[in-house]
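The values are calculated or read from the model by the stated rules, or taken from the named source; none is laboratory data. Owing to the predicted nature of the structure, the values given are computational and were not obtained by experimental measurement. Cβ placement follows ideal geometry from the backbone for every residue including glycine, while neighbour counts extend to all protein chains displayed.
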Amino acid sequence: MSDPRTTWHILGAGSLGGLWAARLARAGAPVRLILRDRGRLAAYRQAGGVTLVERGQARLYPLDAETTDDPAPIRRLLLACKAYDAEGAIAALAPRLTGDAEVVLLQNGLGSQEAVAARVPQARCILASSTEGAFREGAWRVVFAGHGHTWLGDPLDLAPPHWLAELEQAGIVHDWSLDILGRLWRKLALNCAINPLTVLYDCRNGALQQHPAELATLCDELGELLHTCGQAAAAEGLHEEVQRVIRATAANYSSMHQDVAQGRRTEIGYLIGHACAAAERHRLVLPHLAALHQRLLKHLNQRGLPSH
Ligand code: NAD
Ligand code: KPL
C-alpha cells in the first residue's frame with residue numbers, strides 16, 4: 001500500500017490561504033485549516049467552509065479545520081498570514097512540527113522569513129513570491145481576482161520538493177526558483193518604488209507616470225541598495241520594469257494604498273522599512289528612499305496605523 005498523502009496544514013484562512021486551500025482540496029489533496037481559537041473555529045463551522053469566487057462563480061469548500069493548539073503533528077505547513085503575524089504564528093505552532101517538517105512561507109517583502117526560520121530550526125523553510133491576486137469579500141469568502149505566478153525556492157537547499165506535482169494538479173501556476181532571494185528582493189524593490197508613492201499621492205498606480213524624476217531617483221537608490229546587498233541581478237533593468245508595471249497596472253490601486261484606504265495595517269516594516277534598515281546596516285546613504293520612508297511613517301502615524 002502506498003503512503004497516505006501528507007496533509008497540507010494551512011494557517012491563515014484569508015485571501016491567499018483560502019485560495020490555496022480550495023484549489024488543493026478540489027485536486028484531492030488533504031487540507032486542514034488552522035484557525036486562531038475556538039471562537040473562530042465555531043464561526044467557521046457555522047459558515048460551513050471556505051467559499052471561493054472565480055469568474056463570478058461561488059463554490060463552497062467544506063474543509064476540515066482546527067485551532068493552533070490542536071495536538072496533531074504537522075509535516076507540511078503553508079503559512080499564509082501577513083508578514084507581521086508570521087513569527088508569532090510559527091512560534092505557537094513550532095512544538096507541533098515534526099523533525100522533517102516543511103514550511104512554505106507566502107509572505108511578501110523580506111524579514112519575516114528569517115524570523116520564522118529562526119523559530120523552527122528543525123524545519124525546511126520554502127520561500128514563495130506570488131503575483132496572484134485575491135481578496136476577502138466577507139468572512140470565509142475569497143475572490144480570486146488576478147491570475148499570476150508563484151515562485152518557490154529554498155536558499156539553503158536547491159533541490160525542489162516532490163510535492164510541486166500537487167501544485168501542478170491543483171492548477172497553482174508556479175516555478176521552482178534557484179534564486180528565490182533575488183526574486184523577493186526584486187519584488188520588494190518594485191513595491192518600494194510604487195506603493196509608498198501611491199499612498200502619499202493618494203492615487204492609482206498609473207498616476208505615478210506624472211512623477212518620472214522621483215521614480216527614476218528612487219530606482220537609482222534601490223539599485224544601489226540591491227548591489228550592496230549582493231543582489232546585482234535583481235537590480236538589472238529595475239527602472240524599466242517599474243515603468244512597465246505602472247503602465248500594466250495603471251487602473252489599479254497598489255496593495256498598500258488599499259490597506260491604508262481601508263484603515264488596515266500595512267506591511268511597511270517588511271518592504272520600505274526593511275530596505276531602509278538594510279541600507280543603514282551597510283552604512284549606505286539613500287536620502288530619497290529614507291525621506292520617502294519618513295513621509296510614509298508620518299502619514300500612517302496620522303491615521304493611527306502601525307509603523308512596523
Ligand atoms: P489576509 O489578511 O487576507 O489573510 C491572512 C489571514 O491570516 C487572516 O485570516 C488572519 O486572521 C490569519 N492569521 C493571522 N495570524 C494568525 C494566527 N496566529 N493564527 C491563525 N490565523 C492567523 O492576507 P493575504 O492577503 O492572504 O496575505 C498573506 C500574505 O500574502 C501577505 O504577506 C501578502 O502581502 C501576501 N500576498 C497577498 C496577495 C493577495 O492578493 N492577497 C498577493 C501576493 C502576496
Ligand atoms: O505588487 C504590487 C502591489 O500593489 O503590492 C504592485 C503595485 C504591482 C507593485 O508594487
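Remarks
- Looking only at region 217-237, and only at residues there that are in contact (Cβ under 8 Å) with a residue 60 or more places away in the chain and either closer than 19 Å to residue 273 by Cβ or among the acidic types (Asp, Glu) (or both), the one that is surrounded by the fewest Cβ atoms within 10 Å (Cβ to Cβ): 224
- Per the listing 177, 130, the residue uniquely within 15 Å of ligand 2 (Cβ to nearest atom), buried (at least 17 other Cβ atoms within 10 Å of the Cβ) and modelled with pLDDT of 95 or more is 130.
- Within the set 99, 109, the sole residue that is farther than 27 Å from residue 47 by Cα and near ligand 1 (Cβ under 8 Å from one of its atoms) turns out to be 109.
- Which numbered condition residue 255 fails, given (1) within 25 Å of residue 206 (Cβ to Cβ); (2) modelled with pLDDT under 95; (3) of a type in the set (Ser, Thr, Tyr): (2)
- If the condition is being within 27 Å of residue 278 (Cβ to Cβ) and buried (at least 19 other Cβ atoms within 10 Å of the Cβ), then region 94-116 contributes 103, 104, 105, 106, 107, 108, 109, 110, 111, 112, 113, 116.
- Among residues of region 238-263, those that are surrounded by fewer than 13 Cβ atoms within 10 Å (Cβ to Cβ), within 15 Å of ligand 2 (Cβ to nearest atom) and part of a loop (DSSP other than H, G, I, E, B), counted: 2
- Flag for residue 244 being touching a Ser or Thr at 6+ places or on another chain (Cβ under 7 Å), of a type outside the set (A, V, I, L, M, F, W, C) and modelled with pLDDT of 95 or more: no
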